[in-house]
Amino acid sequence: MHISFRNRTLAASALIAVALLLGNSTVNAQSYILDDGTAENSVGLNGGGGADIIVLNSFAVTGGFNVINSISIAFGSPGGTGANMNGVAFTAILWNDPNGDGSPTDATVLTTAPGVVSGFSTNAFVTVSLTPTAVLTPNFFVGFLITQPDPAFPAAFDQTAPTFANRSFVTGGTTGDINDLNNNDLPVAAIESFGLVGNWLIRANAIPEPSTYMLAGLGLLGLLGLRRFTRGQKVS
């Protein structure tokens, strides 16, 4: 099996600050992105009617943002041929990278979540919420598994520079194995292995580990408390 593609008060203030730091994850959030938001092409398994295609991007954890709480995915490409896959179920997946080399040959599933395709071939992203999961390895992978009709090109592909080599991967087969990506009819490989240059429109959304912003909040509370005590001493 191979792939094919289409060319196309102080105390009160302190408590409020801590509440913001602890309760509003959007204050400390980051997205991991390889694409520019536009798909010039789309990819599927050739002759893969009823087969599972699995595609994934590799990212390095940066800035302490290692808790992945959602995955955003675009499907198809504008003007694309093949079946319209709106309404088709898929599985969003987060893997770790045990040996930290950026290759998913040893990737281990951390968590999954179900999703349904919408906005097919419109560059619209479908965001799937995950149980917030900490990545404890230097790199991680996010992607999806979907069972495709034939012909179909579900994986949106950005070919516009800059592109990032050996960061986007594909695998799949009759029954896709997300737990052992080499245990597929098409063993996992970088897209460059198939003569393609570009990256999937698959993004990871992250927050820091709770301890990071809990400590920041407690530190702020401590500083404000110290300032209040000092001022009290001056008054007396």
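The values are calculated or read from the model by the stated rules, or taken from the named source; none is laboratory data. Every value quoted in this text rests on a predicted model; they were computed, and no experiment measured them. Counting neighbours? That spans all protein chains shown, and the Cβs are built from the backbone with ideal geometry, glycine included.
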| said: For a quick check of your reading of the model, give me the residue pairs whose first member lies in the range 68-95 and is closer than 30 Å to Asn28 by Cβ, whose second is part of a loop (DSSP other than H, G, I, E, B) and of a type in the set (Phe, Trp, Tyr), with beta-carbon atoms closer than 7 Å and at least 6 apart or on different chains. | reply: Phe75/Phe120
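In the range 1-15, how many are at pLDDT below 50 and charged (D, E, K, R)?
From the range 1-15, those at pLDDT below 50 are 5, 7-15; that's our starting set.
Filter once more, keeping what is charged (D, E, K, R): 8.
Selection size over the range 1-15: 1.
Scan the range 88-123 residue by residue and report those that are under 14 Å from Arg203 (Cβ atoms) and under 15 Å from the mean Cα position of the chain (by Cα).
Result: Ala92, Ile93, Leu94, Gly115.
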| Considering residues of the range 187-218 that are in contact with a Gly (Cβ under 8 Å, 6 or more places away or on another chain) and at pLDDT 95 or above only, the residue farthest from Leu94 (Cα to Cα) | Ile191
| Out of the residues in the range 16-72 that are surrounded by 15 or more Cβ atoms within 10 Å (Cβ to Cβ), farther than 27 Å from Ala107 by Cα and small (Gly, Ala, Ser), which is modelled with the lowest pLDDT? | Ala17
| request: Identify the residue in the range 167-198 that is of a type in the set (S, T, N, Q) and surrounded by fewer than 24 Cβ atoms within 10 Å (Cβ to Cβ) and, among all such residues, is nearest to Val109 (Cα to Cα). | output: Asn179
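Name the single residue, out of those in the range 137-152 being surrounded by 23 or more Cβ atoms within 10 Å (Cβ to Cβ) and over 15 Å from Ser168 (Cβ atoms), that is nearest to the chain's Cα centre (by Cα). Walk me through how you get there before you give the answer.
Taking the range 137-152 and keeping what is surrounded by 23 or more Cβ atoms within 10 Å (Cβ to Cβ), we get 140-144, 146, 148, 152.
Still in the list and also over 15 Å from Ser168 (Cβ atoms): 146, 148, 152.
Working: Ile146: 16, Gln148: 21, Ala152: 23 Å.
Looking at the filtered set, the residue picked out is Ile146.
Kindly indicate whether Ala92 is buried (at least 20 other Cβ atoms within 10 Å of the Cβ), modelled with pLDDT under 95 and among the hydrophobic types (A, V, I, L, M, F, W, C).
For Ala92, the condition - buried (at least 20 other Cβ atoms within 10 Å of the Cβ), modelled with pLDDT under 95 and among the hydrophobic types (A, V, I, L, M, F, W, C) - is not met.
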| If Phe164 passes every condition in (1) surrounded by 19 or more Cβ atoms within 10 Å (Cβ to Cβ); (2) at pLDDT 95 or above; (3) under 20 Å from Asp35 (Cβ atoms) but one, which one does it miss? | (1)
| request: Select from the range 73-89 the residues that are of a type in the set (S, T, N, Q) and in contact with a strand residue (DSSP E or B) (Cβ under 7 Å, 6 or more places away or on another chain) and write down the one among them that is modelled with the highest pLDDT. | output: Ser77
| request: Look at Asp158 and say whether it is at negative phi, surrounded by fewer than 18 Cβ atoms within 10 Å (Cβ to Cβ) and not aromatic (Phe, Trp, Tyr). | output: no
| message | Checking Thr108 against (1) closer than 23 Å to Asp36 by Cα; (2) at pLDDT 95 or above, only one condition comes out false. Which one? | response | (1)
